[in-house]
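So the structure is just underneath, and the comments pick up after that.
The values are calculated or read from the model by the stated rules, or taken from the named source; none is laboratory data. On a predicted model such as this, the values are computed, not experimentally measured, just so you know. All Cβ positions, even for glycine, are placed from backbone atoms using ideal geometry, and neighbour counts span all protein chains on display. For the accessible areas, the whole protein counts, side chains as well, though only heavy atoms, and no ligand, DNA or RNA atoms are used. Shrake-Rupley method; radii C 1.70, N 1.55, O 1.52, S 1.80 Å.
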Amino acid sequence: MEEREKVVEIKNLKKSFGDLHVLKGVDLDLFRQENLVVLGKSGSGKSVLIKIMVGLLRQDSGSLKVFGKEVASLKKKELNELRLKIGFSFQNSALYDSMTVRENMEFPLVRNEKNLTRKDINTRIEELLDSVGLPQTINQMPSELSGGQKKRIGIARTLILNPEIMLYDEPTAGLDPITCGEINNLILEVRERYKTSSIVITHDLACAKQIGDRMAVLLDGQFDAVGTFEEVFPNAEDERIKSFYDYNFINS
Ligand SMILES: Nc1ncnc2c1ncn2[C@@H]1O[C@H](COP(=O)(O)OP(=O)(O)OP(=O)(O)O)[C@@H](O)[C@H]1O
Ligand SMILES: [Mg+2]
């Protein structure tokens with residue numbers, strides 16, 4: 001069998017803030033064109049992990065490689081190049097309220113790609129708005145959009161630089177179940193269309209099941225359970241994983 005290419009490779013990664021030991025030896029791989037779902041309760045260190053991935057935080061020890069390169073050893077210029085290949089949609093990813101949708105989309109593009117013509121820029125913006133299903137919002141202000149529409153525009157903006165890896169930090173937080181489903185479909189479409197490899201952080205197991213090829217549950221600073229939804233959840237014996245499952249599918 002052909003070895004699948006690892007785009008992210010994490011080994012024994014540790015990170016503490018003072019006495020707070022957040023990551024206590026994390027191992028995790030992300031394969032090319034995979035959707036990997038990361039679950040874990042609030043404060044377990046999910047956002048810290050993806051911040052280390054893009055060099056916004058640095059680990060205390062252990063290794064985190066992206067495209068085979070140790071992120072902590074990258075020079076500033078290399079780190080900037082890497083960041084262009086990673087689309088990071090922040091947990092509270094806000095659009096710029098004083099800019100139209102078009103200007104929000106244009107901003108990262110003109111900052112990072114200097115030689116584009118007006119026509120190139122327009123074509124790219126229109127293509128991305130089309131692929132998130134919101135071409136009609138191009139001249140609107142963020143305040144005129146619904147929560148779900150804002151998330152879609154945020155995803156379109158993240159895609160505008162053609163990232164190879166997408167990091168979605170709680171893309172469906174605060175949305176109703178139907179809109180959640182739509183965002184989940186969008187995440188699947190993005191992978192088909194742009195051939196991205198993705199890490200999706202979510203608290204929503206229905207979402208995890210719909211989009212994830214594999215689940216990874218962060219428990220007590222380590223990934224204890226990693227596998228397909230069926231492998232990790234329905235018959236989990238670990239109480240901490242069971243409670244996740246029960247909460248999502250029985251008590252809600
Ligand atoms: N820059 C920082 N300085 C100090 N402590 C931090 C810093 N960033 C995160 N922490 C702490 O690390 C822990 C993990 O935070 P993190 O944001 O990764 O949680 P999370 O799993 O993403 O939670 P949530 O699901 O609520 O988003 C928290 O206790 C947080 O207070
Ligand atoms: Mg978080």
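So the values come out like this:
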item	result
Simple label model, 7 Å out from Cα along Cβ direction - K195 to K242, nm	4.5
For the chain, share of DSSP beta bridges that run antiparallel, in % to the nearest 5	55
For the stretch 16-98, accessible area per residue (1.4 Å probe, heavy atoms of protein chains only), Å²	53
The stretch 139-252: antiparallel DSSP beta bridges as a percent of all, rounded to 5	50
Globularity ratio of the chain, using Cα Rg and 2.2 N^0.38 Å	1.02
Protein accessible area in the chain, 1.4 Å probe - carbon and sulfur %	48
Among the listed pairs K69/K195; K15/K77; K85/K119; K14/K77; K76/K119, those beyond 27 Å (Cα-Cα)	K76/K119
Heavy-atom accessible area ranking, 1.4 Å probe, most first, across F67, F244, F17	F17, F67, F244
Hits among aspartates and glutamates - C-alpha to C-alpha of K65 under 12 Å, sequence gap 8 or more where chains match	E9, D27, D29
Per residue solvent-accessible surface (Å²) - the stretch 129-252, probe of 1.4 Å	44
Net dipole in debye of the stretch 1-134 [+1 Lys, Arg Cβ; -1 Asp, Glu Cβ; about Cα centre; nearest 20]	520
Gained length - V226 relative to Q140, 0.36 nm times residue gap less alpha-carbon distance	26.8 nm
Hull volume in cubic angstrom per residue (convex hull over the Cα atoms of the stretch 16-60)	87
Dipole of the stretch 69-117 [Lys/Arg +1, Asp/Glu -1 at C-beta], most positive-end residue of P108, S73, S98	S73
Exposed-site-free run, longest, the chain (rule: GluC sites (Glu not before Pro); DSSP loop; at most 10 other C-beta within 10 Å)	4-236
